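I'd like to ask some things about the structure below.
The values are calculated or read from the model by the stated rules, or taken from the named source; none is laboratory data. This is a predicted model, so every value here is computed, not measured. So basically every Cβ, Gly included, is an ideal-geometry build from the backbone, and we count neighbours across all protein chains shown. Surface accessibility is based on the protein's heavy atoms, side chains included, excluding ligands, DNA and RNA. Shrake-Rupley method; radii C 1.70, N 1.55, O 1.52, S 1.80 Å.
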Amino acid sequence: MAVVRFLPRLRTLYWVPYYLNRRSMAVNVRLLGLLLLGCAACAVVGTICAHANGEDPQEVRFSRLGARYGIRQYVPNTWGVVAADVVNPRDEPAEVLAAFGHSRSPGKQYARRIWTPPHSWRRTWVPIRVPDIPSGEDRVEFISYLFDRSTGSDVVMRREGEGLRHTIWLSAHHEKPVVAVISAARAEEEPQGGDYADEAIIALQKARGFEQKLATIHDRYLPVMPEALDGLDQLVLCNSRFAKDVAALSAIRGWLSDGGRLWIMLDLVDFDGVERLLGQAFSCEMVDRVELNEVHIHPVSPALNTEYAPSVQYEEPVDFVRVVVSDADVTHTVNGWPAAFVRNFGRGQVVFTTVGAKAWIKRPGGDAARWDSGGSTDFVPIGQLEDLPIILGRRRMTLDPEDVVPHLQEQIGYRIVSRTRVFAILAAFCGGLLVVGLVLARSHRLEHIGWVGPLSALATAAPLIWFGVRSQQTVPPTAGQLQIVEVADMADRVTATGVVALYRPKSTTASPGAREGGVLMPDAAAVQSATRRMVWMDMDQWHWENIRLSAGVQIAQFQRSATLPAPVEAIGTFTTNGFEGRITGPLESPSDAVIAIPGQPRLAAEIERGVVKAGSENLLAAEHYIVGGLLTDEQRRRQSTYRRVLRKASNEGDLIVRPTLFAWTAPVDMRFELPEDMRQVGAALWAIPLRIKPPESGAQVVIPSPFVRFRATKGPNGEGVSALYDYRTGEWIVSKLDSRTWLRFQVPREMHTVALERARLTLDITAPSRTLRIVGSANGQDKTVFTKANPIGQIPVDITDPSLLEADETGGFLLGVFVTGPKGAPRNARTTSWKINSLQLEVAGRAL
């Protein structure tokens, strides 16, 4: 029986066959038999020693508690996952609790309830939140415990001679971005060309100036929780192992929708697996697979100041997958076929490459050393690879509670006593006490101030107490939520981020939790408990223990990824009235909608019975987000939230990465377990990717100015790029010099079939003592369209010559904005500052 009880110790023998040589199987089988006999003997000896030392062999114990798991790198202020192995030699099931707390804040613990069958060994995973760690520390210390809950209370489990708690050290990772690959389950399953994939990743890290470090996910079981990938910025798929694990597909999908970056090498992975991962967002069909001895990767839109590699010949052919792509931005081609294309997925982004990784790197030429002793690769990326948006930081949505708490407090209706009222009462107290003191002093009875003062203080405290109690009792217990719900492109996946404000007139205990995933983190200032514990029961189920909320309004932040019963989509096209389309999916009564485009002004959208309309007349002024002069209280709160959230999102580029429709609805059920007796209020701000369809043949269209994006570029005759305009923020800078700024205007990709016939350029400029010229380019010749001296204010310029609006194959055309001083003017006249405050272009034409 002793041997049977210790059979779980023999689990390491599972890995022995992987190291056996197939050519000498007979010898290895004999070796395996000897190993089994040796381990059995060790088990018997261990049992005898355990009895001799007083250790109960029937005791439930752990073999590992806090082992690294997942990406095995723990990033400050993100989630990570550790592994726990529990052995149950008993004849009945056991239920234990594995808990982990940071050594500097042991009062906050993260735990997992582990049920283990009789005579078994079980491995499971516990999500932990990594705290903020000083940059000089490369390790983070956690304290771990194992509790027996079979008696209904927490009993610390330990072996003879061990302490009550155990210390584990995890690797802290401060350098960004964090990049990882999923290794193949077996070496023979690694696809040919996988080595070059690692070389390409490390070469690009080196070129971008990042740490040359690559995390490898090589556990037997892939991460099944999005929390295991939370610290990861870039994941590279260069084999098909991910496609065989349904739970891992869900975890990767949730991480990607929440802002992760994914690089999929289609020449090395299974197309069916990618389709299972991305669903309808993978709009790509494989034609065939070929091998190329000569490769030239051609950039579709060459970047400025980038040196591109020429055609290269290879002795060993390079794999190339020829595909047909739709609803994606093709950035590079090989022989006219897509070599790289980009697709957004929620807040995240996917980069696909179809040609082998060998073609994206090269050995350094010239005087560069072949091997850099300080690096991990002797390759460098070609310019085409550096163009791709990979090995970059993750797009994280950081919602500051201070931006939304005023919105929730007004909805709850809770008010503290106003400062004016408190100041008036205290001023009356001080003034009255001063007057009484003067009267008593004149009547030579100042000794009475000893009882007059305390009595006056009590009289002053009474109304303050009354006002405070009244302000608490007039509002019932309320839970208010403000949610930002981001929808993934062409998918039924959403990611919700937000704040919950819980109001109670009295301090009370609570046990918030989740039934279907997500994370809810109460603010530390709101919790009175000395030790609070977040206990996970399953991948999507958890609750807080030992939580006691203070009286008043307390704040908790949440995040959740979920699947909708049907996709939410906003699809439309352009007509003579601007943009017209429809919203489909489970979205109830959207209102106060705004269309936001990176670096462009906002456009108000009218939604009625699912129909969306947005014309040029709906263009919003700066810092305005809702149409109308007289706003309701709720609209005023929404505009304030728009102003805070969208301004920060535009500056950081983490929420508005493509045309997006924002709309308000009632709050969505996040499936969190909140106290049932609380009144529910709040609102949800949806962020829905805007899908534009090509217009019907022959249709007349008007494209409002926010949809026509532009950036500074080289002139038709090779003039340099002006630095006056930043296309990422849409801001112009002040200048004192003459300027010749060429702008490249770009219509949406779906409008490339539209022949532009006219345009209206609208400038808001302040340039006294100067001359403004608007110049077009046709057939290599410059043509002046408009001239004005001393331009000040808003100036409309109509362009009716179609030759000046003729777009190239990518839908772009050039216009020049020249600002010069008058000839012969005094020198000091040219030193006055001038600035373009805003510039917009509306175009119209006919679909071919």
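Within segment 475-518, take every residue that is farther than 30 Å from P659 by Cβ and among the polar types (S, T, N, Q) and give me the one that is surrounded by the most Cβ atoms within 10 Å (Cβ to Cβ).
This residue is T478.
Just wondering, is there one or more residues in segment 105-124 that are open to solvent by 50 Å² or more (accessible area, probe 1.4 Å), among the small types (G, A, S) and in contact with a Pro (Cβ under 8 Å, 6 or more places away or on another chain)?
Looking through segment 105-124, at least one residue is open to solvent by 50 Å² or more (accessible area, probe 1.4 Å), among the small types (G, A, S) and in contact with a Pro (Cβ under 8 Å, 6 or more places away or on another chain).
Can you give me the number of residues within segment 202-252 that are acidic (D, E) and within 23 Å of the chain's Cα centre (by Cα)?
Within segment 202-252, residues that are acidic (D, E) and within 23 Å of the chain's Cα centre (by Cα) number 4.
Would you confirm, using the coordinates I've provided, whether H448 is part of a helix (DSSP H, G or I), at pLDDT below 80 and open to solvent by 60 Å² or more (accessible area, probe 1.4 Å)?
Considered against the rule, which asks whether it is part of a helix (DSSP H, G or I), at pLDDT below 80 and open to solvent by 60 Å² or more (accessible area, probe 1.4 Å), H448 comes out as yes.
Working only within segment 277-286, note down all residues that are over 16 Å from V355 (Cβ atoms) and either among the polar types (S, T, N, Q) or part of a strand (DSSP E or B) (or both). Explain how you work it out, then say what you get.
Going through segment 277-286, the residues over 16 Å from V355 (Cβ atoms) turn out to be 277-283, 285.
Once the filter is applied, which keeps residues that are over 16 Å from V355 (Cβ atoms) and either among the polar types (S, T, N, Q) or part of a strand (DSSP E or B) (or both), segment 277-286 yields Q280, S283, E285.
Oh, and also: Going by the structure shown, is V701 open to solvent by less than 80 Å² (accessible area, probe 1.4 Å), among the hydrophobic types (A, V, I, L, M, F, W, C), in contact (Cβ under 8 Å) with a residue 24 or more places away in the chain and farther than 14 Å from F818 by Cα?
yes
Scan S777, S769 and give me the residue that is surrounded by 15 or more Cβ atoms within 10 Å (Cβ to Cβ), over 38 Å from the mean Cα position of the chain (by Cα) and in a loop (DSSP other than H, G, I, E, B).
On the way: S777 fails: in a loop (DSSP other than H, G, I, E, B).
The unique qualifying residue is S769.
Take the residues in segment 632-643 that are open to solvent by less than 60 Å² (accessible area, probe 1.4 Å) and among the hydroxyl-bearing types (S, T, Y); name whichever of them is farthest from L661 (Cα to Cα).
S640
Additional query: Considering each of R691, R658, R671 in turn, give the residue that is touching an Asp or Glu at 6+ places or on another chain (Cβ under 6 Å) and not hydrophobic (A, V, I, L, M, F, W, C).
Residue meeting the stated conditions: R671.
Further question: Here is a check on your reading of the model: is D138 modelled with pLDDT under 85 and among the charged types (D, E, K, R)?
No.
Now a separate question. For segment 267-278, name all the residues that are under 24 Å from the mean Cα position of the chain (by Cα) and open to solvent by less than 30 Å² (accessible area, probe 1.4 Å).
The answer is G273, V274, L277, L278.
Which one is modelled with the lowest pLDDT, of the residues in segment 327-337 that are within 27 Å of D258 (Cβ to Cβ) and open to solvent by less than 60 Å² (accessible area, probe 1.4 Å)?
In the first step, residues of segment 327-337 are kept if they are within 27 Å of D258 (Cβ to Cβ); the result is 327-331.
Among the residues that remain, those that are also open to solvent by less than 60 Å² (accessible area, probe 1.4 Å) are: 328, 330-331.
Numbers: A328: 88, V330: 92, T331: 92.
Once the filter is applied, the top-ranked residue is A328.
Looking at segment 636-655, which of its residues are at pLDDT below 85 and either touching a Leu at 6+ places or on another chain (Cβ under 7 Å) or hydroxyl-bearing (S, T, Y) (or both)?
Hits for segment 636-655 are A649, S650.
In addition: Answer yes or no as to whether P565 is touching a residue at least 12 places away in the same chain (Cβ under 8 Å), farther than 30 Å from T78 by Cβ, surrounded by fewer than 21 Cβ atoms within 10 Å (Cβ to Cβ) and touching a helix residue (DSSP H, G or I) at 6+ places or on another chain (Cβ under 6 Å). Please lay out each step first, then the result.
Numbers: touching a residue at least 12 places away in the same chain (Cβ under 8 Å): yes; farther than 30 Å from T78 by Cβ: yes; surrounded by fewer than 21 Cβ atoms within 10 Å (Cβ to Cβ): yes; touching a helix residue (DSSP H, G or I) at 6+ places or on another chain (Cβ under 6 Å): no.
No, not satisfied.
From the list R658, R691, which one is farther than 23 Å from L399 by Cβ and under 28 Å from the mean Cα position of the chain (by Cα)?
Result: R691 is the single residue among R658, R691 that is farther than 23 Å from L399 by Cβ and under 28 Å from the mean Cα position of the chain (by Cα).
Can you tell me how many residues in segment 299-321 are under 22 Å from R749 (Cα atoms), surrounded by fewer than 16 Cβ atoms within 10 Å (Cβ to Cβ) and in contact (Cβ under 8 Å) with a residue 24 or more places away in the chain? Explain how you work it out, then say what you get.
Filtering segment 299-321 for residues under 22 Å from R749 (Cα atoms) gives 299-304.
So of that shortlist, the ones also surrounded by fewer than 16 Cβ atoms within 10 Å (Cβ to Cβ) come out as 301-304.
From the residues that got through so far, the ones that are in contact (Cβ under 8 Å) with a residue 24 or more places away in the chain too are 301, 303-304.
Final tally of qualifying residues: 3.
Continuing with this model, one more query. When the residues of segment 712-749 are filtered to those that are of a type in the set (S, T, N, Q) and in contact with a Lys or Arg (Cβ under 6 Å, 6 or more places away or on another chain), which remaining residue is most open to solvent (accessible area, probe 1.4 Å)?
Here the residue is Q746.
Give the number of residues within segment 568-581 that are closer than 28 Å to M670 by Cβ, open to solvent by 30 Å² or more (accessible area, probe 1.4 Å) and assigned to a loop (DSSP other than H, G, I, E, B).
So the count comes out to 0.
Counting only residues that are of a type in the set (F, W, Y) and part of a strand (DSSP E or B), which one in segment 321-363 is farthest from R253 (Cα to Cα)?
W337
Right, here's the next one. Can you confirm whether P131 is in contact (Cβ under 8 Å) with a residue 12 or more places away in the chain and either within 29 Å of K176 (Cβ to Cβ) or surrounded by 15 or more Cβ atoms within 10 Å (Cβ to Cβ) (or both)?
Considered against the rule, which asks whether it is in contact (Cβ under 8 Å) with a residue 12 or more places away in the chain and either within 29 Å of K176 (Cβ to Cβ) or surrounded by 15 or more Cβ atoms within 10 Å (Cβ to Cβ) (or both), P131 comes out as yes.
Among the residues of segment 602-631, write down those that are at pLDDT below 85, on the phi < 0 side of the Ramachandran plot and exposed (fewer than 13 other Cβ atoms within 10 Å of the Cβ).
A622, G629, L630
Looking at this structure, is V274 modelled with pLDDT of 90 or more and assigned to a strand (DSSP E or B)?
Against the criterion (modelled with pLDDT of 90 or more and assigned to a strand (DSSP E or B)), V274 does not qualify.
Which members of segment 780-805 meet the condition of being in contact with a helix residue (DSSP H, G or I) (Cβ under 8 Å, 6 or more places away or on another chain) and either surrounded by fewer than 17 Cβ atoms within 10 Å (Cβ to Cβ) or among the small types (G, A, S) (or both)?
K783
Filter segment 148-164 down to the residues that are aliphatic (A, V, I, L, M) and part of a loop (DSSP other than H, G, I, E, B), then identify the one that is modelled with the highest pLDDT.
Result: M157.
If R709 passes every condition in (1) buried (at least 16 other Cβ atoms within 10 Å of the Cβ); (2) under 30 Å from R609 (Cβ atoms) but one, which one does it miss?
(2)
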